[in-house]
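The values are calculated or read from the model by the stated rules, or taken from the named source; none is laboratory data. As the structure is a computational prediction, the values presented were derived from the model and not from experiment. In this analysis, Cβ positions are derived from the backbone assuming ideal geometry, glycine residues included, and neighbour counts consider all displayed protein chains. To get the accessible areas, we keep the full protein, side chains included, count just its heavy atoms, and leave off ligands, DNA and RNA. Shrake-Rupley method; radii C 1.70, N 1.55, O 1.52, S 1.80 Å.
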Amino acid sequence: MHIDGYVFGRMIIDGKTYTADVIVYPDRVDPSWWRKEGHYLQKEDLTGIIAAKPDILIIGTGDMGVMQVPASTLAFLEKKGIEVHVAKTGKAVDLFNRQPADKKVIAAFHLTC
């Protein structure tokens, strides 16, 4: 999967446009990612990602970085053996597109604030 572009509220992945928060798996996009508390990422919000057993998880916290990723969520992911990168969504997109092909990479992107 390749992210072709991102602007506030809109992401283009492999030529298809998404306007809601997404999870990008190696073989598909989940276009309806919702969190228990919108701007606060909890381990319960990552069930599908955990089940997919990624090597690397990239979290895009929004254009301005409003979505919070608490230390407890990061500790949970690291305990599962997942390398985690957290950045504003624009930077997270760049990071996602530069990941090595030999790693299973999943990304969860908040597209707005």
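Observations on the structure shown:
- Note on residue 104 and residue 16: their simple-model spin labels are 2.1 nm apart, each label 7 Å out from Cα toward Cβ.
- The per residue volume of the convex hull around the alpha-carbon atoms of the range 37-113 is 76 Å³.
- Whole-percent carbon and sulfur share, accessible surface of the range 3-84, 1.4 Å: 51 percent
- What the phi angles of the range 64-79 give under the Karplus curve with 6.51, -1.76 and 1.60, with θ = phi - 60°, is a coupling list of 9, x, 6, 5, 8, 10, x, 4, 5, 5, 4, 4, 4, 5, 5, 5 Hz, glycine and proline written as x.
- Accessible area per residue for the chain is 53 Å², calculated with a 1.4 Å probe on protein heavy atoms, without ligands, DNA or RNA.
- Cα gyration tensor, the range 65-108 - rounded (a/c under 1.5), prolate or oblate: oblate
- For the chain, leaving out every one of the chymotrypsin sites (Phe, Trp or Tyr not before Pro) that falls in a DSSP loop and has at most 14 other Cβ atoms within 10 Å, the longest unbroken run is 35-113.
- Here the dipole of the range 38-113 is about 120 debye; that uses its Cα centre as origin and unit charges on the Cβ of Lys and Arg (positive) and Asp and Glu (negative).
- Pairs of Lys residues in the chain, spaced 8 or more positions apart or belonging to different chains, with C-alpha separations under 16 angstrom: 9 in total.
- Of the residues 6, 23, 74, the one whose Cα sits farthest towards the positive end of the charge dipole of the chain is 74 (charges of +1 on Lys and Arg Cβ, -1 on Asp and Glu Cβ, taken about the Cα centre).
- DSSP-defined antiparallel bridges as percent of all bridges, the chain, nearest 5: 55 percent
- Relative contact order for the chain, counting Cα pairs under 8 Å that sit 6 or more residues apart, in percent: 33 percent
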